[in-house]
Amino acid sequence: MTSAWLLPEHLADVLPSEARRIEDLRRRLLDTARSHGYELVMPPLVEHLDSLLSGTGEALDLQTFKLVDQLSGRMLGLRADTTPQVARIDAHLLNREGLSRLCYCGPVLHTRPGAPGAGRELLQFGAELYGHAGLEADLEIHDLALDGLAALGIDGAVLDLADARLMRGLMAGVLCEPAQIEAIYAALAGKDAAGLREASAGLPAEVRAGLAALVQLYGDEAVLDDAARALPERPLIRAALADLRRLAGHARRTHAGVRVGFDLADLSGFAYYSGPRFAVYAPGASDALLRGGRYDEVGAIFGRNRPAVGFSTDLKALAAQAGASGRRTAIRAPWGEDSALREAVRSLREQGETVVCLLPGHEHETQEFACDREVVAVDGQWIVRAL
């Protein structure tokens, strides 16, 4: 018989040291977002299923826990991603004519782990910019993402760029069954040249050649020159390559420590993104630290199809990459009802200090805090001295 206190698979409690580190990262990211002009929103954890899954495709549907609302009888979903909710807020609650810069941070729940070793409950932080179709919005989102990682002390970041328009331009006018499209995308994602030849059988020769070229188009900026030669001369493809070149140049100029790479066959989330997309990696990380890009159709289902670009990340995964931040210093104080002692403790806390009162019998337990000072009575006065 399973013990009642055991948690379901791939779910875990967050204990004090890790919780403190995650909360520290959350505050730094929210402060960075606010410094860029982004406003915080807090969507509900549960929402009507049809709204929660609007425009997101089958993948998010499979990741969403579903339940019945005992009040209305309608199907509800526990959010697996916050972006559709933020798009709804932009479209129906804010309904601004100009820009909306929004950020969020809250839990999301997945029916299955998204990657080996991953959990099913993530603490998702994200930022989204609505209302500007120009590349300036993409540049701003890249800046915010990279500035956020820098604020966490993560060095050696690699910005990996791609663009959904390359595939859209290549496949324009070609009729394919959904199963064939999925097979093509799967082969591209796996860099499976043989599988790609099989999946693209029957397509026009120019399209097959372009797909075969995409598998090889990853590396440094020389990839863009290779792509210009290998892919068909089509406006959507040329626009994508020009934008990728500008995004890379901006990142190098504004974030000197960031390396830029390209993987033009990286089409994960192909049904979702509509333009430039990016991921940020760091040395030693098994997966991307954050992902984002342009998804102009995200608000269409809510009746407001306007430009949108953003990114999201899991703070729990970021905490592992950011490393330990050390125990917070604190002041220990004796427990007592003496009014002068209590006033001294209150004053220290108002100044931003952490003061741990030692309860009787527990004088040596400070747990998470590194007490480097103590409150002591000297000549009838309560003072702080170093330990």
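Counted over the chain, the DSSP beta bridges are approximately 75% antiparallel.
Carbon-plus-sulfur accessible fraction, the range 111-233 (probe radius 1.4 Å, protein heavy atoms only): 53%. Shown here are the Rg and Dmax of the Cα trace of the range 158-281, at 14.2, 46 Å. Taking Rg and Dmax of the Cα atoms in Å as calculated from this structure, the corresponding entry among (1) 19.9, 59; (2) 22.5, 66; (3) 25.5, 93 is (3).
Listed by number, the DSSP H helices of the chain that run 15 Å or longer by alpha-carbon position along their axis and have mean Kyte hydropathy of at least 0.5 are 135-151, 178-189, 205-216. Averaging the Cα positions of each part gives two centres, and for the range 64-110 and the range 245-281 these lie 27 Å apart. For the range 90-106, 3J(HN,Hα) computed residue by residue from phi via the Karplus equation (6.51, -1.76, 1.60; θ = phi - 60°) reads 4, 6, 10, 9, 7, 6, 7, 6, x, 6, 10, 10, 10, 9, 7, 7, x Hz, glycine and proline entered as x. Potential lengthening of the chain between LEU7 and VAL174 amounts to 55.2 nm, from the contour at 0.36 nm per residue minus the alpha-carbon distance.
The values are calculated or read from the model by the stated rules, or taken from the named source; none is laboratory data. Since we're looking at a predicted model, the values are computed, not measured. Accessible surface areas use protein heavy atoms only, side chains included; no ligands, DNA or RNA. Shrake-Rupley method; radii C 1.70, N 1.55, O 1.52, S 1.80 Å.
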